Amino acid sequence: MEHLPVEVIGNILSHLEGARDVVIASATCRKWREAYRKHLHTLAFNSNDWPAYCDISPILLEILITRTIFQTTGLQGLSILMDDAGEFTASTVIAWLMYTRETLRRLFYNVPTSPNVNILAICGRQKLEILAVAHNSITGVEPNFQRFPCLKSLSLSHVCISALDLSLLLTACPKLESLELVDPEIAISDALVTVELSSPTLKSIYVEAISLDKFILETDSIERLHLRDCALEVFELIGKGTLKYFKIDDVSVIHLDIAETVDNLEVVDVSSFTIIWTRFYQMISRSSKLRKLRLWDVTFDDYDEGIDLETIAVCFPQLKHLSLCYELRDGLMHYGLQGSSNLENVTVLELGWTVINDFFSHWVEELLKRCPNLKKLIIFGVISEAKSHEECQILAKFTSSIVRLMRKYMHVEVQFEYE
């Protein structure tokens with residue numbers, strides 16, 4: 001250890017998760033203290049890492065954090081997550097940011113202050129590449145002054161911001177590639193809640209717990225889109241066919257339009273969702289490069305139109321991973337077994353049920369016949385705590401039938417996952 005270069009020691013200290021551990025380790029010897037002062041590039045304060053943070057008064061905690069930060073030079077990564085540690089003085093927090101902003105590349109900021117600290121005004125026009133802000137307010141965005149020329153990743157969680165400021169903020173980030181919006185409080189100026197975002201460089205967007213009348217996203221480079229726990233009347237994605245990954249989970253949307261971006265889709269993952277099948281099929285039917293399709297707990301309003309394996313096999317010849325949740329409705333079954341086309345390239349098959357019955361085993365067997373190159377089968381099931389004798393018998397029959405069935409497919413790995 002004595003022969004380690006001081007720069008290497010600084011790198012070691014930077015990989016410790018908490019600032020408290022860094023300070024303790026730096027007390028090892030003079031060389032390690034020098035590494036802490038001159039070569040430490042990452043520092044993290046998190047009230048969840050050390051419970052004692054919550055027992056210290058905010059004033060004392062401010063002093064400890066200030067002394068720790070001000071002993072360093074050249075920090076590139078700073079994480080201050082203090083949502084459970086009380087309210088901090090704005091002037092002190094501003095001092096932390098002013099001291100580190102010229103060298104910072106990554107900032108994770110969740111500090112309740114009084115009054116609110118304008119992160120954009122302090123850190124704009126610097127070298128930040130990653131910015132994550134939580135429980136804060138962003139107002140009066142000035143793209144010319146509060147510009148982030150190097151920012152590639154932006155995360156806003158529980159942030160109060162107007163639709164206009166959010167749009168201007170993206171304009172101020174000419175190299176932005178990743179955007180996360182988690183439960184934002186969108187300030188509105190009229191009765192119609194509309195958000196229109198445009199970014200030519202954006203590749204990935206994650207939106208969670210947002211409620212809007214209209215959400216329009218325009219980007220020429222989008223590759224990943226994930227919507228979760230949202231309530232939207234209209235969602236429209238405008239792009240140039242670069243989308244590869246589309247996931248929608250527990251979302252209520254009346255009009256969904258991604259049709260012009262789906263030509264290169266490789267993954268479609270839809271769960272806890274209601275949609276008209278014909279519209280959904282029209283959107284994804286051109287996705288001939290699709291590798292993974294997951295339809296889980298999905299309700300199709302126009303079920304009589306028919307959803308069958310034949311359609312899936314013909315439209316998605318490159319499909320390798322298929323996930324379907326079995327469901328009977330009015331005596332009819334989702335994902336029917338019509339047709340004779342095989343899913344030649346499917347190697348992973350995930351099947352599940354919400355309510356099991358005798359026909360489920362037959363459905364599994366027919367699906368196995370249609371996947372001649374299958375390597376792995378995963379069966380998901382929901383089992384209630386209190387079960388009637390009849391339900392226990394159905395589960396027992398299913399278990400026995402699967403055991404018999406898999407003797408025919410000894411080359412297939414089988415997994416069961418119950419909840």
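The values are calculated or read from the model by the stated rules, or taken from the named source; none is laboratory data. Quantities reported herein were computed from a predicted structural model and do not represent experimental measurements. In this analysis, Cβ positions are derived from the backbone assuming ideal geometry, glycine residues included, and neighbour counts consider all displayed protein chains. These area figures cover heavy atoms from the full protein model, side chains too; ligands, DNA and RNA do not enter into them. Shrake-Rupley method; radii C 1.70, N 1.55, O 1.52, S 1.80 Å.
Taking 15 Å as the straight-line reach from the Cα of residue 127, the aspartates and glutamates in range (excluding those fewer than 8 positions away in the same chain) are 102. Among the lysines of segment 270-418, pairs that are 8 or more positions apart or on different chains and have alpha carbons within less than 28 Å of each other number 21. Going by accessible surface with a 1.4 Å probe and the largest first, 206, 99, 109 read 99, 206, 109.
Approximating the spin labels as points 7 Å out from Cα along Cα→Cβ, the residue 50-to-residue 150 distance works out to 2.9 nm. Taking the centroid of alpha carbons for each part, segment 74-92 and segment 199-269 are 33 Å apart. Most simply put, segment 11-135 has about 0% antiparallel DSSP beta bridges, counting only bridges with both residues inside it. Rounded to the nearest 20, the Cβ-based charge dipole of the chain about its Cα centre (Lys and Arg +1, Asp and Glu -1) stands at 2120 debye. Charge tally for residue 261 (other residues, Cβ to Cβ under 12 Å; Lys, Arg +1; Asp, Glu -1): -3. Show that you can apply the helix-only estimate: for the chain, add -39,500 (n - 2.57) for every DSSP H stretch of four or more residues, divide by all residues, and state [θ] at 222 nm to the nearest 500. Helices in the chain give a 222 nm mean residue ellipticity of -7500 deg cm²/dmol. Take the Cβ atoms of residue 4 and residue 71, set R0 to 22 Å, and the FRET efficiency comes out at 0.60.
Take every Cα pair under 8 Å in the chain that's 6+ residues apart, average their separations, divide by the length, and report that relative contact order as a whole percent. For the chain, the relative contact order is 6 percent. With a ≥ b ≥ c taken as the square roots of the eigenvalues of the C-alpha gyration tensor of the chain, please select rounded if a/c is under 1.5 and otherwise prolate if a/b is larger than b/c or oblate if it is not? Prolate shape, in that a/c is at least 1.5 and a/b is the bigger ratio.
Overall, the accessible surface of the chain at a probe of 1.4 angstrom is composed of carbon and sulfur to the extent of 51 percent. Of the residues 145, 215, ranked by 1.4 Å probe accessible area with the largest first, the sequence reads 145, 215. Residues considered: 312, 210, 12. Largest GNM mean-square fluctuation over the chain, using C-alpha springs under 10 Å, is found at 12. Counting charges near residue 123 (Lys, Arg +1; Asp, Glu -1) among other residues having Cβ under 14 Å from its Cβ returns a value of +3.
Per residue, the accessible area of segment 270-418 comes to 51 Å² when a 1.4 Å probe rolls over the protein heavy atoms. Taking the chain as a Gaussian network of alpha-carbon nodes connected by springs under 10 Å, the highest mean-square fluctuation of the residues 396, 313, 85 belongs to 396. The charge dipole of segment 270-418, taken about its Cα centre with unit charges on the Cβ atoms of Lys, Arg (+1), Asp and Glu (-1) only, comes to about 860 debye.
The phi-based Karplus calculation (6.51 cos²θ - 1.76 cosθ + 1.60; θ = phi - 60°) puts the 3J(HN,Hα) values of segment 15-28 at 8, 6, 6, x, 4, 4, 5, 5, 5, 5, 5, 5, 7, 4 Hz, whole numbers, x for Gly and Pro. Taking other residues whose beta carbon is less than 9 angstrom from the beta carbon of residue 237, and scoring Lys, Arg as +1 and Asp, Glu as -1, yields -4. Residues considered: 146, 282, 318. Largest GNM mean-square fluctuation over the chain, using C-alpha springs under 10 Å, is found at 282. Ranking 108, 280 by solvent-accessible area of protein heavy atoms (1.4 Å probe, all protein chains present), from largest to smallest, gives 108, 280.
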